[in-house]
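Notes follow the structure.
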Amino acid sequence: MSATALSGVHGIWNYPYLKAAAGDVPGAVDAIGADWSRWVGRGLRKVGVELPGSGPMPVAYYADCLFRGERMGSADPAHLTPFAQELLAAWIEEVRLAETGAPAAPQGRLTFALRSMTEWFTERFGSQALRIVSATVSELATYFDPDSVDERTRSQERVAEMVRSHRPRVLLAHSLGSVVAYEALCAHPDLEVELFVTLGSPLAMRSVVFERLLPSPKGGGAKPPGAATWVNIADRGDPVAVPRSGVSLRFLDVFRDVETSIHLIDPHRAKNYLRCPELVEEIMPYVRTGSA
């Protein structure tokens, strides 16, 4: 099979695609792929370039591997599992440290400490930012749960299967998908992509994600062996992509770490990243030449 130009790995809040497809995974894959094609296509058309191919973009779909019921991806901290609440507390502490230079010293049980921490976060960044972060840690908690090793592996295998099948020149990975894609590429060094682009990625969050990665970074992460070039793009207001410029600080051989402003109100949404000028600039050389 010839290589395709672009493929993707989705992030949080994507189980509704499976519900809309009545539980049919291939149907969910086609639906999310059609959306990603449309969003990337809009960005490319602004510079007079058409996305090659006529079908949906190949997107590795793994939301069903992590699904644990209707509260999966909950935006309410009170509905998070204890492990997810721990991750949320660690997340806010990293943000607080980056913002103020001083970590908090919460007193009492986690539930009471977390209430104070989420109040601080909401006052500083707004309720929408807290909603996004809460949903992210909900799904991250399932992915990193020691009792969910099979789910973590299955999620990575979905990425590996897609890359082997479609042999994309460019792999776009959004949000939680950047974590799954990173570990999949590391676990399968035979997988090769010319350009690996992470969008709105939490990979650099030390106690939440970075120190939980496999293989263990041990102080300094490495570019996946099969990724020729790694570019990271983050909205400076994205509450998931923290700390700012963290990916290039935590990982070796990141070719470019782009900080930009893609959307004032909804800076983490996939469609806003996928049609932004900064992504268009990165993928243009691979799209113009089409499939190999």
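The values are calculated or read from the model by the stated rules, or taken from the named source; none is laboratory data. It should be emphasised that the depicted structure is a prediction, and the values quoted were computed from it without experimental measurement. We place every Cβ from the backbone using ideal geometry, glycine too, and count neighbours over all the protein chains shown.
Exactly one residue among VAL247, VAL242 is at pLDDT 95 or above and among the aliphatic types (A, V, I, L, M), and that residue is VAL247. Report yes if some residue within the stretch 100-117 is surrounded by fewer than 20 Cβ atoms within 10 Å (Cβ to Cβ), modelled with pLDDT of 90 or more and not β-branched (Val, Ile, Thr); otherwise report no. Within the stretch 100-117, not a single residue is surrounded by fewer than 20 Cβ atoms within 10 Å (Cβ to Cβ), modelled with pLDDT of 90 or more and not β-branched (Val, Ile, Thr). For the stretch 140-173, the set of residues classified as buried (at least 24 other Cβ atoms within 10 Å of the Cβ), touching a strand residue (DSSP E or B) at 6+ places or on another chain (Cβ under 6 Å) and part of a helix (DSSP H, G or I) consists of VAL159, MET162, listed by residue number.
Selection over the stretch 2-22 of residues that are in contact (Cβ under 8 Å) with a residue 40 or more places away in the chain, out of contact with any Ser or Thr (no Cβ under 7 Å at 6 or more places or on another chain) and over 18 Å from VAL180 (Cα atoms) gives a count of 2.
Of all residues in the stretch 221-249, those being farther than 24 Å from PRO168 by Cβ and touching a helix residue (DSSP H, G or I) at 6+ places or on another chain (Cβ under 7 Å) number 3.
Figure legend. Inter-residue proximity from the stretch 108-134: first residues farther than 24 Å from ILE265 by Cα, second residues modelled with pLDDT under 90 and surrounded by 15 or more Cβ atoms within 10 Å (Cβ to Cβ), beta-carbon distance below 7 Å, spacing 6+ or different chains. Indicated pairs: ALA113/PRO106; LEU114/PRO77; SER116/PRO106.
In the stretch 217-239, of all residues being within 23 Å of VAL149 (Cα to Cα) and modelled with pLDDT under 90, the one that is surrounded by the fewest Cβ atoms within 10 Å (Cβ to Cβ) corresponds to LYS218. Against the conditions (1) part of a loop (DSSP other than H, G, I, E, B); (2) loosely packed, with under 15 Cβ neighbours inside 10 Å, PRO26 satisfies every one except (1).
Considering only residues in the stretch 148-173 that are polar (S, T, N, Q) and over 15 Å from the mean Cα position of the chain (by Cα), the one that is nearest to ALA84 (Cα to Cα) turns out to be SER148. Counting residues in the stretch 285-292 that are within 14 Å of LEU199 (Cβ to Cβ), modelled with pLDDT of 90 or more and not basic (Lys, Arg) gives zero. Within the stretch 185-204, the set of residues being in contact (Cβ under 8 Å) with a residue 40 or more places away in the chain and either surrounded by fewer than 24 Cβ atoms within 10 Å (Cβ to Cβ) or in contact with a helix residue (DSSP H, G or I) (Cβ under 7 Å, 6 or more places away or on another chain) (or both) comprises GLU194, LEU195, VAL197, THR198, LEU199, GLY200, SER201, PRO202, LEU203, ALA204.
Please specify each residue of the stretch 40-87 satisfying the condition of being modelled with pLDDT of 85 or more and at positive phi. Of everything in the stretch 40-87, just one residue is modelled with pLDDT of 85 or more and at positive phi, namely GLY48. Total residues in the stretch 214-242 satisfying the condition of being touching a strand residue (DSSP E or B) at 6+ places or on another chain (Cβ under 7 Å) and of a type in the set (Asp, Glu): the figure is 1.
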